[in-house]
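Values quoted throughout were computed directly from the atomic coordinates according to the rules given, and no laboratory measurement underlies them. These numbers were taken from a predicted model, which means no experiment stands behind them. All Cβ positions, glycine included, derive from the backbone under ideal geometry; neighbour counts span all protein chains shown.
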Amino acid sequence: MSEPPRIRAEEILVRYGKIIALDSFTASIPHGIVGILGPNGAGKTTFIKVLLGLVKPERGKFTINGRGAFDIRDIVGYMPESECLIESMNAFEMVSYMGCLSGMPVEDAIQRGHEVLDFVGIGEERYREIDSYSTGMKQRVKLAQAIVHDPEVLMLDEPTNGMDPEGREEMLELISRIGKFGKTILVSSHLLHEVEQVCEYMIIIDQGKLLKEGDMEKLLSPEAGRYRVKVRGETEAIKRFYKIIRERYKPVQVVNERGQGTIVLKGVDNSEHILRTAREVGVQIRYYRPDILSLEDVFLETFAGGNAHEN
Ligand SMILES: Nc1ncnc2c1ncn2[C@@H]1O[C@H](COP(=O)(O)OP(=O)(O)O)[C@@H](O)[C@H]1O
Ligand SMILES: [Mg+2]
């Protein structure tokens with residue numbers, strides 16, 4: 001992170017009765033498109049709501065672009081996960097109304113309302129009641145109302161929720177385009193490939209705790225000594241191979257299918273030992289290279305705590 005974080009949260013604690021939704025949650029969010037990735041119930045929505053001042057934490061503090069919770073309304077746009085549209089309004093009324101609520105003069109709100117609806121691809125339908133819209137159209141209007149006042153910081157909570165694959169692609173494309181205007185965009189998702197597609201930085205959250213954060217590029221860059229080894233041979237021979245290798249290295253992934261195996265190792269400092277072991281137990285090495293991580297690898301390893309289980 002070269003510049004200071006735009007959003008900084010420290011030791012945030014939120015409880016709903018006995019449930020700990022955020023457990024001393026600490027994170028630094030830089031400028032750009034940032035993914036909050038985690039399974040359902042991880043605490044993503046709660047975190048966004050805390051930043052918006054909609055949920056008050058029991059403990060902890062945070063700042064957004066240097067400001068506290070009280071004076072951020074005009075610089076933040078929010079696309080909630082749940083329904084937030086007034087269904088009896090048409091999209092144009094809804095979006096320009098939201099512009100007025102965030103403090104824009106009426107004429108500006110009207111003009112911007114049209115602009116942002118054009119941007120999200122809502123055409124003449126903008127004069128139809130929202131009630132009659134498909135989920136995909138509603139999601140677009142939700143995005144439009146979040147950006148109508150041209151906020152510096154955008155919080156998008158599961159923006160592709162309920163959309164079909166084509167709609168999802170278009171939504172992600174819109175988010176990328178907004179990112180090019182130099183905004184800080186927080187995008188929550190439980191879908192790995194979405195975060196992979198649009199985000200430059202990622203934080204992984206589970207059970208209210210931060211598990212990992214970092215630049216996408218860094219998280220995915222190859223690590224010294226990390227190797228992917230694929231072998232072929234009798235199942236028993238592959239098992240023997242794994243057993244000997246495990247005495248020396250801690251594998252991060254192990255797969256043993258009939259006659260084929262893949263093992264990913266960390267801290268490999270001596271390739272000769274691996275190649276010799278293979279010869280000795282009678283398995284054939286089919287692939288042996290430094291391993292390039294996928295986001296899925298990062299995710300799986302983060303959740304497994306770095307311990308690979310054989311499957
Ligand atoms: N209003 C609420 N009352 C009680 N429990 C809640 C409430 N909102 C969220 N939770 C619980 O807090 C945890 C975190 O939820 P949430 O922040 O919605 O996670 P996510 O957005 O990652 O799915 C979950 O266990 C959820 O059931
Ligand atoms: Mg949520």
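The gain in end-to-end length when the A224 to R248 segment is fully stretched comes to 7.0 nm, 0.36 nm per residue minus the alpha carbon separation. Rounded to the nearest 20 debye, the dipole magnitude of the chain is 1660 debye, with +1 charges on Lys and Arg beta carbons, -1 on Asp and Glu beta carbons, and the Cα centre as origin. Taking amide hydrogens as modeled 1.01 Å from N in the peptide plane, which residues meet the under 5 Å criterion relative to R6, leaving out close sequence neighbours? Result for R6 returns I29, H31. Y78: net charge of surrounding residues, Cβ under 15 Å, Lys/Arg +1, Asp/Glu -1, itself excluded? Overall, the nearby charge balance is -2. How much net charge surrounds E10 when only the other residues with a Cβ under 10 Å from the Cβ of E10 are counted, with Lys and Arg +1 and Asp and Glu -1? So the environment of E10 carries a net charge of +2.
When the GluC sites (Glu not before Pro) in the range 203-234 are filtered for DSSP coil states and for at most 15 other beta-carbon atoms within 10 Å of their beta-carbon, the remaining sites are E223, E234.
Summing charges over all other residues whose Cβ lies under 10 Å from the Cβ of Q284, with Lys and Arg as +1 and Asp and Glu as -1, gives +4. Listed by chain and number, the lysines whose C-alpha is less than 28 Å from the C-alpha of K183, apart from same-chain residues fewer than 8 away, are K44, K49, K56, K61, K138, K142, K209, K212, K218. In terms of the mean number of neighbouring beta-carbon atoms within 10 Å, the peptides 75-82, 94-101 order highest first as 94-101, 75-82.
Here the relative contact order of the range 7-219, from alpha carbon pairs under 8 Å that lie six or more residues apart, stands at 31 percent. Modelled spin labels at A304 and E166, positioned 7 Å past Cα toward Cβ, are 3.8 nm from each other.
Here the chain carries DSSP beta bridges of which approximately 65% are antiparallel, counting only pairs with both residues inside. The simple Förster model, with R0 at 45 Å and r as the Cβ-Cβ distance, assigns K61 and E87 a FRET efficiency of 0.75.
Annotation for the range 6-115: trypsin sites (Lys or Arg not before Pro) lying in DSSP loop with at most 10 further Cβ atoms inside 10 Å of their Cβ are K18. Each Cα pair of the range 7-219 feeds into the Kirkwood radius, which the Stokes-Einstein equation turns, at 4 °C and 1.567 mPa s, into a diffusion coefficient of 74 µm²/s. Please identify which residues in the range 227-261 have an amide N closer than 16 Å to a label point set 7 Å out from the Cα of E280, following the Cα→Cβ vector. The answer is 237-249, whose backbone nitrogens lie closer than 16 Å to the label point.
Restricting the calculation to Cα atoms, the range 227-304 shows an Rg/Rh of 0.95 when the hydrodynamic-style radius is the Kirkwood one.
Take the alpha-carbon centre of the range 33-57, take the same for the range 218-248, and report the distance between them in whole Å. A separation of 37 Å, based on Cα centres. Positive end of the dipole of the range 227-304 (Cβ unit charges, origin at the Cα centre): among G282, L293, V254, the Cα lying farthest that way belongs to G282. Of the residues S132, S102, T46, the one whose Cα sits farthest toward the positive end of the charge dipole of the chain, with +1 on the Cβ of Lys and Arg and -1 on the Cβ of Asp and Glu, is T46.
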